[in-house]
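The numbers here are math on the coordinates, done by the rules we state, and not lab data. Given the structure is predicted, the values throughout are model-derived calculations rather than measurements. For neighbour counting, all protein chains shown are included, and Cβ atoms are generated from backbone atoms with ideal geometry for every residue, glycine included.
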Amino acid sequence: MRVGCFGCLLLIAIVLTVGVAAFGFIFLSGNIMDLPDNPPASTAKRADGHSAQQKLFELLRRDGGHSTRTDPVVFSDAEANAFLANHLVEVADLPVQPLVLKFAPGNLEIQGQTKVRNLFLGTPLARTLQYLPETTLEKPLWLTLRGRVTLEEGVTGGRRKYGRVQVTEFMIGKQPLGTWLVSLILGSRGAPLLRWQVPAVVSEITTEPGRLVVRTK
């Protein structure tokens, strides 16, 4: 047997082992199927979505030098949720419904409902789902993430900047889990929800009660 073939088999074995361990860690946790306290409901309105789009357009105008305004651009909870409701599928292709954001001083909370079959999408571990019964795959789960919004420069420098959610707490149902599981569970499809490109003119992003404040140069 060639070393290359042995390496492939070893990699597959490692992926399956990690997958089984991750599934076991999650599904043997007793509270993952429980509803969170006061599960949120989406109340997105078209007017809020339109308002969010107008504010995003204003940021792009400033970035292109077509606007001289320097006042902070403020997105309310309602505007952010309406925008996500309209664009989440095209931005992240993430099957979560509802998905609700709540802004608080220095942090935010993201809660959403999905099915077991939607976990690990975009990762090699997704293949391990085929070993679960259909009834398990169709079970709904509530995901809760809490974290801080930060602004970071692109690794290659230049004008690129990114908004990023630094996850500090993660739960499925009422079961607290390690934040290291977030990237595994959300997979590559969930990445745009936690890190997204922002116009270079943005100088600061902060969260306050019920709103996200974006300051520009």
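Which cross-chain or sequence-distant (5 or more) residues have an amide H under 5 Å from the amide H of GLY187, H modelled 1.01 Å from N in plane?
The answer is PHE120.
Once you have the Cα-Cα distance between LYS174 and SER76, take 0.36 nm times their residue separation minus that, and quote the gain in nm to one decimal. Working shown, then result.
Numbers: separation 98, 0.36 × 98 = 35.28 nm, distance 2.70 nm.
Once the chain is fully extended between LYS174 and SER76, it gains 32.6 nm.
In whole Hz, what ³J(HN,Hα) sequence does segment 199-210 give by Karplus (6.51, -1.76, 1.60; θ = phi - 60°), x for Gly and Pro?
The phi angles translate into x, 5, 6, 5, 10, 7, 10, 10, 10, 10, x, x Hz.
Near the amide H of VAL198, under 5 Å away, which other amide H atoms are found, from residues 5 or more places off or on another chain, if H is placed in the peptide plane?
LYS161, TYR162, GLY163
Could you run the Karplus curve 6.51 cos²θ - 1.76 cosθ + 1.60 with θ = phi - 60° over segment 161-173 and give me ³J(HN,Hα) per residue in whole Hz, x for Gly and Pro?
10, 9, x, 9, 9, 8, 6, 10, 9, 9, 9, 10, x
Take LYS45 and SER183, extend 7 Å from each Cα along the Cα→Cβ direction, and tell me the distance between the two endpoints in nm.
Here the answer is 4.0 nm between the modelled labels.
Can you tell me the length gained on complete extension of the stretch ASN31 to ARG117, counting 0.36 nm per residue apart and subtracting the Cα distance? Can you show the working numbers first?
Details: separation 86, 0.36 × 86 = 30.96 nm, distance 1.82 nm.
The span from ASN31 to ARG117 would gain 29.1 nm if fully extended.
Just grab the label-to-label distance for GLN97 and PHE57, each label 7 Å out from Cα along the Cβ direction, in nm (one decimal).
2.7
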